[in-house]
2 protein chains.
Amino acid sequence: MYRPQIKVLDCTIRDGGLINNHLFDHRFVKEVYKGISASGVDYIELGYKNSKSLFSPKEYGAWKFCEDDEIKKIKEGVESNTKVAVMVDVGRVNLDDVKPKAESPVDMIRTATYVKDIDKAIHMANHFADKGYEATLNIMAISRDRGSALTEALHQIEKESKVIAVYIVDSFGTLYQETTEELVKEFRSILKTREVGFHGHNNQQLAFGNTIEAIIHNANYLDATVYGIGRAAGNCPLELLVGFLKNPKFDIRPILDLISKEFIPLRNEIEWGYIIPYAIAGMMGEHPRAAMALRNSDKKENYREFYESLTNTGL
Amino acid sequence: MYRPQIKVLDCTIRDGGLINNHLFDHRFVKEVYKGISASGVDYIELGYKNSKSLFSPKEYGAWKFCEDDEIKKIKEGVESNTKVAVMVDVGRVNLDDVKPKAESPVDMIRTATYVKDIDKAIHMANHFADKGYEATLNIMAISRDRGSALTEALHQIEKESKVIAVYIVDSFGTLYQETTEELVKEFRSILKTREVGFHGHNNQQLAFGNTIEAIIHNANYLDATVYGIGRAAGNCPLELLVGFLKNPKFDIRPILDLISKEFIPLRNEIEWGYIIPYAIAGMMGEHPRAAMALRNSDKKENYREFYESLTNTGL
């Protein structure tokens, strides 16, 4: 038994790029694109579409900007039914840089936003929808921003936006099954004409479990990454999600090959996954930035002091 | 809000010992005992009580046998409210080797059993209860042995046994939240006068999530290990479970210290955790032994071939 409405989006290159300033080289991105295409996964997200006036191409790799020509080079010569997505942040993209869909290799544009920026985000997402793209809104820091402002934002999205899906993004890796269930139910109850999506973070080893919980309560747009790669604790592992879903269109074997050949070596170079300071930040509902700073210091394994620093913040 | 009936059992030394033939040295075990005691965790399980006529002390460490004198040396000089547990397997312990509780440093004896051995297991557990110990039954390989034989075994336990708790043991790391919920509800509905316990394996990164699910449905005896150590994929990480439970009697900091000082270095020597062949075995409901053999071979990262070997077994 499977649910044909479910759409899996692989955000390996986009979220993984947050670890290394999006400096994945062409060969690596092409291997991932080939593997994801062969696995039958619905979408692949390759990076952010940022304005080059805000970020320097000297400091960041191609996937911080996702220019159409770069994406075309990745797609070239690969048989694929996998649609291409890119992400934009509120205020960081020049809307005029986005060509009409008919001229672009991109299928979907996802706008990442905080609840407080929902007006701007709806404006942007509608702009992309008007240009012919599938558009979504991805609401970040959801564990921090629950309550009446979120409820109001969801009503506004349902009323004013042209998006096909709205994602719950557990930015801090702090949701448990019960909070995931509550959120998916709230989203579903208000967003009657949209799909609900889920993007988990794996601080507490719950990204996959919470994604299953979201599926149970009828979220249909699901994010995952190969071997769970992603900033800090990383994300829901794609191989586990594909193993769980019973849709015969998916094939786990190309994903296993990617892990064997690309991600085991890569994990020796850059760090992500179950690492105690990220777990502590997740338990406390904190942004991972303090934990990331700790991991780059000579106190990287001093968990007690880090724990105390988060608990003793005072008023 | 917390549930005072919840009892957490740390089985770090017992389940971790399955990786290294129970060869943890005295210093290490004492450090773990001190840390677990300081954290306020209810029980610590130190190993198996096996007959020396079945296993050679030349091959296996002290914690394969858990002699009373060894346990006394660990407890000596440490202030602790943590009770000591040992595990026994059906047919591997000489019942006469077990002294009456009044003469022993052990508080609880857990009998691990398959459904098919339930008669012998009840006999053994009742023997331990009669000698004054807290006795439990831990039903292994639960994902394989569901159905009428399990239901009958549970009725027999409720009717004939003297155990305080019966554990669901997800030996193959193959349960999801829904199957966990079903099992906990079935156990609870039949075992009306006993507590239900849960021991997850982390093949699919679901040991913690499934433990939360078990808690939601009123399982009160919960197994976990420091940094998730345990054979193959390991177990529910104790630090996550203690972070989740709101009982003020627990202190996570001594567990964080153990990880910093003991388990980060140990993980560089012996392997456990999220490793793809164990994930594949978990998805397929297979015993981890084939994956363990793979990890000891020169094909340790050849996931596709391993996957095919499990799917093409024929009839």
For B:Lys246, which of the numbered conditions (1) buried (at least 24 other Cβ atoms within 10 Å of the Cβ); (2) of a type outside the set (Ser, Thr, Tyr); (3) closer than 23 Å to A:Gly173 by Cα fails to hold? (1)
Which of the residues belonging to the stretch B:153-176 are away from chain A (no Cβ under 14 Å) and in contact with a helix residue (DSSP H, G or I) (Cβ under 8 Å, 6 or more places away or on another chain)? B:Ala153, B:Leu154, B:His155, B:Gln156, B:Ile157, B:Glu158, B:Glu160, B:Ser161, B:Lys162, B:Val163, B:Val166, B:Ile168
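What about B:Tyr227, is it hydroxyl-bearing (Ser, Thr, Tyr), touching a residue at least 12 places away in the same chain (Cβ under 8 Å) and in the same structural domain as B:Val32 (by TED's automatic domain parsing)?
Values: hydroxyl-bearing (Ser, Thr, Tyr): yes; touching a residue at least 12 places away in the same chain (Cβ under 8 Å): yes; in the same structural domain as B:Val32 (by TED's automatic domain parsing): yes.
The answer is yes for B:Tyr227.
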Within the stretch A:283-297, can one find any residue that is within 27 Å of A:Val86 (Cα to Cα), at the interface with another protein chain (Cβ under 8 Å from one of its Cβ atoms) and modelled with pLDDT of 95 or more? no
Condition first: farther than 16 Å from B:Tyr60 by Cα and of a type in the set (Asp, Glu). Now tell me which residues in the stretch B:1-49 satisfy that. B:Asp10, B:Glu31, B:Asp42, B:Glu45
Single match in A:Ile44, A:Ile13, A:Ile36 (criterion: touching a helix residue (DSSP H, G or I) at 6+ places or on another chain (Cβ under 9 Å) and part of a strand (DSSP E or B)): A:Ile44
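Looking only at the stretch B:24-45, count how many residues are farther than 14 Å from B:Ile229 by Cβ and either buried (at least 24 other Cβ atoms within 10 Å of the Cβ) or of a type outside the set (D, E, K, R) (or both).
8
Are any of the residues in the stretch A:147-159 closer than 19 Å to A:Ile215 by Cα, in contact (Cβ under 8 Å) with a residue 12 or more places away in the chain and touching a strand residue (DSSP E or B) at 6+ places or on another chain (Cβ under 9 Å)?
Taking the stretch A:147-159 and keeping what is closer than 19 Å to A:Ile215 by Cα, we get none.
There is no residue in the stretch A:147-159 that is closer than 19 Å to A:Ile215 by Cα, in contact (Cβ under 8 Å) with a residue 12 or more places away in the chain and touching a strand residue (DSSP E or B) at 6+ places or on another chain (Cβ under 9 Å).
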Identify, from the list A:Glu134, A:Glu158, the residue that is surrounded by fewer than 24 Cβ atoms within 10 Å (Cβ to Cβ), within 28 Å of A:Val226 (Cα to Cα), out of contact with any Gly (no Cβ under 9 Å at 6 or more places or on another chain) and of a type in the set (Asp, Glu). A:Glu134
Apart from one, (1) more than 23 Å from B:Arg110 (Cβ to Cβ); (2) within 11 Å of chain A (Cβ to nearest Cβ) all hold for B:Lys246; the odd one out is (2)
Residue list for the stretch A:102-112, filter: in a loop (DSSP other than H, G, I, E, B) and within 20 Å of the chain's Cα centre (by Cα): A:Pro105, A:Val106, A:Asp107
Residues being more than 8 Å from every other protein chain (Cβ to nearest Cβ), of a type outside the set (Asp, Glu) and under 17 Å from B:Ala281 (Cα atoms) - total across the stretch A:249-262: 1
Give the residue, chosen from B:Gly197, B:Gly147, B:Gly173, that is more than 19 Å from the chain's Cα centre (by Cα) and within 28 Å of B:Ala290 (Cα to Cα). B:Gly147
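Conditions (1) touching a strand residue (DSSP E or B) at 6+ places or on another chain (Cβ under 7 Å); (2) without any contact (Cβ under 8 Å) to a residue 24 or more places away in the chain; (3) outside the structural domain of A:Ala38 (by TED's automatic domain parsing), marked per residue:
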residue	(1), (2), (3)
A:Ile255	no, no, no
A:Ala281	no, no, yes
A:Glu286	no, no, yes
A:Met292	no, no, yes
A:Ser297	no, yes, yes
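The values are calculated or read from the model by the stated rules, or taken from the named source; none is laboratory data. Just so it is clear, the model here is predicted, and its values are computed rather than measured. Glycine gets a Cβ as well: all are built from the backbone with ideal geometry, and neighbour counts include every protein chain shown.
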